[in-house]
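Asks: Before anything else, here's the structure in question.
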Amino acid sequence: MDLTLVVLAAGLSTRYGGVKQLEPVGPSGEALMDYGIYDALRAGFNKVVFVTRRELEDALREHVERVFGDTIEVAVAYQELDALPEGFSMASGRRKPWGTGHAVLSAASEVNEPFVAINADDFYGSDAFVALGGHLREVADSGGSRFAAAGYSLRDTLSPHGGVSRAVCEVDADGYLEQVTEIKKIADADGALAGVTVEGERYVLSGDETISMNIWAATPAAFPLLRERFAGFLEEYGADPDAEFLLSTAVNDLIGENSVRVKVIPTNGPWLGVTYQEDKPYAIDRLGQLVEVGHYPEDLSKALRND
């Protein structure tokens, strides 16, 4: 069965101060997203769709060609500020992308099969792709949107160099998502772990919460649902030049409407991210350890071409 990986690579990387989507962290110059693509290939995915900005396309294609060659089908979709439903216009002063929900919608014309969406600047571990790919194969013939998410422990995804944003999941006894809450600026201050909600309210955390890390699985039937939610978002927040249509918030709204059920699949693999420049040395060291124990080859490009 065909499976597609959607890589969200249109972010401005304002906290990082550079194009972190292509930042070299592997021993042979690999970016974090390269390991996600490599793991997806090993899990049976056969296509990758990059959602990016036009000014990044050439660098992105050059990088992917160098690492992957013709080992996987590649498509590019653009997340453009003026790509809005009929009847809506862009807010004056808008400069930043509309958010992860809009990014996934931007890939819709290139996705005709079950898919997993990930951030380009995160490392998720091979277990996540095996688990979500298996879920998609199980539900492929059953119809519906059939969302799923890989679940991580909040404590394992924090940065010591500044606040981070995470989607906190409340899961029922059967492993289905009851509610997801987007929390921003999560950091340990004076021994207390806390962040703020999108409404600006303080949110206290223990560190043991299950979070999604913006790795989601769905079938193409999810796109009409997301379009409807995006229209509702624009009606309420479209005039705010900084408002973001977050995928986690859209999924939470769909759960509240009983439009979808979302399976949360616990993931034991490591997570790595480079939210800040100071995060890069740890990511390099941790990936080096995974290479040393044989989990990844020292050079992804050579390994792929020798398979």
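Asks: Below 8 Å between Cα atoms, with a sequence gap of 6+, how large is the relative contact order for the chain in percent?
Replies: 25 percent
Asks: Between Asp174 and Arg305, what is the label-to-label distance in nm when each label sits 7 Å out along the Cα-to-Cβ direction?
Replies: 5.0 nm
Asks: First measure r as the distance between the Cβ atoms of Val204 and Ser28, then evaluate 1/(1 + (r/R0)^6) with R0 = 35 Å and state the FRET efficiency to the nearest 0.05.
Replies: My answer for the efficiency is 0.25.
Asks: With only alpha-carbon pairs counted, each pair once and no self-pairs, how large is the Kirkwood hydrodynamic radius of the chain in angstroms?
Replies: 19.7 Å
Asks: I need the per residue convex hull volume for segment 46-90, using only the alpha carbons, in cubic angstrom as a whole number.
Replies: 62 Å³
Asks: Seen from all sides and averaged, what is the projected area of the convex hull of the Cα atoms in segment 162-307, in nm²?
Replies: Averaged projected area of segment 162-307's Cα convex hull equals 12.7 nm².
Asks: Please give, to one decimal in nm, the separation of the simple spin-label points placed at Asp242 and Glu55, each 7 Å out from Cα toward the Cβ.
Replies: Roughly 2.1 nm, to one decimal.
Asks: What shape does segment 27-66 have by the C-alpha gyration tensor, where a ≥ b ≥ c are the square roots of the eigenvalues, rounded means a/c under 1.5, and otherwise prolate means a/b greater than b/c and oblate the rest?
Replies: Judged from the Cα gyration tensor, segment 27-66 comes out oblate (a/c at least 1.5, b/c at or above a/b).
Asks: Farthest toward the dipole's positive end in the chain, which of Ala187, Met33, Ala148, given Cβ charges of +1 (Lys, Arg) and -1 (Asp, Glu) about the Cα centre?
Replies: Projecting each Cα onto the dipole axis, the largest value belongs to Met33.
Asks: Mind checking which lysines have their C-alpha under 27 Å from Lys280, skipping anything on the same chain fewer than 8 residues away?
Replies: Answer for Lys280, where 27 Å is the Cα cut-off: Lys20, Lys96, Lys184, Lys185, Lys302, listed by chain and number.
Asks: Next up: Roughly how compact is segment 141-212, stated as its Cα Rg over 2.2 N^0.38 Å to two decimals?
Replies: That works out to 1.24 for segment 141-212.
Asks: Any chance you could list the semi-axes, whole Å, largest first, of the equivalent ellipsoid that the Cα gyration tensor gives for segment 1-97, using √(5λ)?
Replies: Semi-axis lengths for segment 1-97 are 27, 18, 10 Å.
Asks: For the chain, set up a Gaussian network in which alpha carbons nearer than 10 Å are linked by springs, and say which option among Thr197, Thr219, Thr275 fluctuates the most.
Replies: Thr197
Asks: All other residues with a Cβ under 14 Å from the Cβ of Ser212 taken together, and with Lys, Arg as +1 and Asp, Glu as -1, what is their net charge?
Replies: It works out to a net charge of -4.
Asks: Let me ask another. Just from its helices, what would the mean residue ellipticity at 222 nm be for the chain, if runs of 4 or more DSSP H residues each count -39500 (n - 2.57) and the sum is divided by every residue, rounded to the nearest 500 deg cm²/dmol?
Replies: Taken over the chain, the calculation gives -9000 deg cm²/dmol.
Asks: Starting at 0 and stepping by 5 Å, how many percent of the alpha carbon pairs of segment 185-269 end up in each bin?
Replies: Bin by bin from 0 Å, the calculated values are 3, 11, 18, 20, 18, 17, 10, 4, 1, 0.
Asks: If you don't mind, another one. 7 Å from Cα along Cα→Cβ at both Tyr78 and Asp156: what's the point-to-point distance in nm?
Replies: Each label point is offset 7 Å from its Cα along the Cβ direction, giving 3.9 nm.
Asks: One quarter of the convex hull surface, Cα atoms only: what value does that give for segment 71-191 in nm²?
Replies: For the Cα atoms of segment 71-191, the hull's average projected area reads 11.7 nm².
Asks: Which of the listed residues, Ser89, Leu5, Tyr78, is farthest toward the dipole's positive end in segment 1-136, when Lys, Arg count +1 and Asp, Glu count -1 at the beta-carbon?
Replies: Farthest along the dipole direction, towards plus: Ser89.
Asks: Now for a different question. Given +1 on the Cβ of Lys and Arg, -1 on the Cβ of Asp and Glu, and no further charges, what dipole in debye does segment 77-205 carry about its Cα centre, rounded to the nearest 20?
Replies: Computed charge dipole of segment 77-205: roughly 440 debye.
Asks: Please identify every one of the GluC sites (Glu not before Pro) in segment 198-307 that sits in a loop by DSSP and has no more than 11 other beta carbons within 10 Å of its own beta carbon.
Replies: Glu199, Glu201, Glu257
Asks: Take every DSSP beta bridge with both residues inside the chain and express the antiparallel ones as a percent of the total, to the nearest 5.
Replies: DSSP beta bridges in the chain are roughly 55 percent antiparallel.
Read the figures in this text as sums done on the coordinates, not as results from a lab. This one's a predicted model, so the numbers in the text were calculated from it and none came from an experiment. A quick note on method: Cβ atoms are made from the backbone with ideal geometry, for glycine too, and the neighbour counts reach across all protein chains shown.
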